[in-house]
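The values are calculated or read from the model by the stated rules, or taken from the named source; none is laboratory data. Please read all numbers here as calculations on a predicted model, not as lab measurements. Methodologically, a virtual Cβ is constructed for each residue, glycine included, from the backbone with ideal geometry; neighbour enumeration extends over all protein chains shown.
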Amino acid sequence: MIGIARVAALSLLAMMAMGTVRAEDALKAKVGVLRLSSSAPVFIAQDKGYFRDAGLDIELKFFDAAQPIAVATTSGDVDFGVTAFTAGLYNLAGKGVLKVIGGMSREKAGYPLIGYFASNNAYAAGLKTPKDLAGKRIAMTQVGSSFHYSLGLLADKYGFKLSDVKIVPLQSLSNAAAALKGETVDAALLPISTARKLMDDGGAKFLGWVGDETPWQLGAVFTSPKTLTNKALVTKFLGVLAKADREYHDVILASMKDGKAPINDKTKPLLEIIAKYTNLPVEQVVGNCAYIDPDGKLDVKNVDNQIKWLQEQGFADKGYDADTIIAKDYVKAD
């Protein structure tokens, strides 16, 4: 009996030692994200251990706006960024210090993500729909941000001049929400996860969804040329994301009706993960599930359109296009 116990103990120690070696051998990486459903596959992969199982030791670093993630990726503070396209991101990529390696969230009809919201006073004064935004003071995170591009698409759709709108860049989602509630702006573009509490508290009025008005490729996965030299890391990271993209799509997105996901035995585990990382109750997450291509594809044509638009507006440098900034060995083009 003593011999058997000793063998068992030695076996356990050997297994523990092997586990330690595996942990030490894991490829380490930091990933910059926002606490939004647009990063849901990252949260799923982290929480369910998919990264760990693939031999990756991933640390998530959270930001309050998209552009700082791009800057952190170029500086090496994070190895990968998963967030929305911005003029700043494009300019960094145009200089060769960032590369797009995959697609993430999209503005798509039927999948609430970014919305147009009016202050109570502006709504009472006649700001009832997105097309009424012409001539108004509108809060957003930054000039040249995804919110700015969304507003530009809206202006083109309804035939008003973007120059007639007063853009108020407030650097963070929380600042934009506070300005809307405080009536210092007429409207704001905000993700529903940020705006929902405002609406629940009676601090803002909903006008419409960007995805319903002007669908487009909102988010991407990107990295630095230095990280790209570590092919094993990049390949494993994207492989895990592809698995999580598919699971998120097939379990959550495929079940959605009228912009909401049901809460049932199949969806609840993933919804709870998203809730955990976005600091929202599950009951709010169900109406806040961003569309993500199940294969992680990138709408390259739309990316090129974004770059051209930003260059025409003077928000982005000239001299580069989508082909310049994409790592073709990794991107699955749509």
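Any residue that is in contact with a strand residue (DSSP E or B) (Cβ under 9 Å, 6 or more places away or on another chain) and either free of Cβ contacts under 8 Å to residues at least 24 places away in the same chain or assigned to a helix (DSSP H, G or I) (or both) - is there at least one of those in the stretch 95-103? Show your work before the answer.
Within the stretch 95-103, the subset in contact with a strand residue (DSSP E or B) (Cβ under 9 Å, 6 or more places away or on another chain) is 98-103.
If we keep only those that are either free of Cβ contacts under 8 Å to residues at least 24 places away in the same chain or assigned to a helix (DSSP H, G or I) (or both) as well, we get none.
Within the stretch 95-103, none of the residues are in contact with a strand residue (DSSP E or B) (Cβ under 9 Å, 6 or more places away or on another chain) and either free of Cβ contacts under 8 Å to residues at least 24 places away in the same chain or assigned to a helix (DSSP H, G or I) (or both).
Okay, residues lined up against (1) over 24 Å from HIS249 (Cα atoms); (2) of a type in the set (Ser, Thr, Tyr); (3) touching a helix residue (DSSP H, G or I) at 6+ places or on another chain (Cβ under 9 Å); (4) modelled with pLDDT of 95 or more:
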residue: PRO269; (1), (2), (3), (4): no, no, yes, yes
residue: ILE273; (1), (2), (3), (4): no, no, yes, yes
residue: TYR277; (1), (2), (3), (4): no, yes, yes, yes
residue: LEU280; (1), (2), (3), (4): no, no, yes, no
residue: LYS301; (1), (2), (3), (4): no, no, yes, yes
residue: TYR320; (1), (2), (3), (4): yes, yes, yes, yes
residue: THR324; (1), (2), (3), (4): yes, yes, yes, yes
residue: ASP334; (1), (2), (3), (4): no, no, yes, no
Residue pairs meeting the criteria (Cβ under 8 Å; at least 6 apart or on separate chains; first over 18 Å from SER145 (Cβ atoms) and touching a residue at least 40 places away in the same chain (Cβ under 8 Å), in the stretch 215-232; second of a type in the set (D, E, K, R) and outside any loop (DSSP other than H, G, I, E, B)): THR223/LYS99; SER224/LYS99; PRO225/LYS99; LEU228/LYS99
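How many of the residues in the stretch 201-235 are more than 30 Å from ASP186 (Cβ to Cβ) and crowded, with 19+ Cβ neighbours inside 10 Å?
Applying the first criterion (more than 30 Å from ASP186 (Cβ to Cβ)) to the stretch 201-235 yields 220-235.
Still in the running and crowded, with 19+ Cβ neighbours inside 10 Å: 220-224, 227, 233-234.
Of the residues in that region, 8 qualify.
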Among the residues listed as PHE62, PHE85, the single one being surrounded by 24 or more Cβ atoms within 10 Å (Cβ to Cβ) and either under 13 Å from the mean Cα position of the chain (by Cα) or charged (D, E, K, R) (or both): PHE85
Lone qualifier among LEU151, LEU173, LEU189, LEU162 - being touching an Asp or Glu at 6+ places or on another chain (Cβ under 7 Å), in contact (Cβ under 8 Å) with a residue 24 or more places away in the chain and not charged (D, E, K, R): LEU173
ALA316 over 18 Å from GLY88 (Cα atoms) and touching a helix residue (DSSP H, G or I) at 6+ places or on another chain (Cβ under 6 Å): no
Residues (out of contact with any Phe, Trp or Tyr (no Cβ under 7 Å at 6 or more places or on another chain), outside any helix (DSSP H, G or I) and under 19 Å from VAL240 (Cβ atoms)) located in the stretch 32-61: LYS48, GLY49, ALA54, GLY55, ASP57, GLU59, LEU60, LYS61
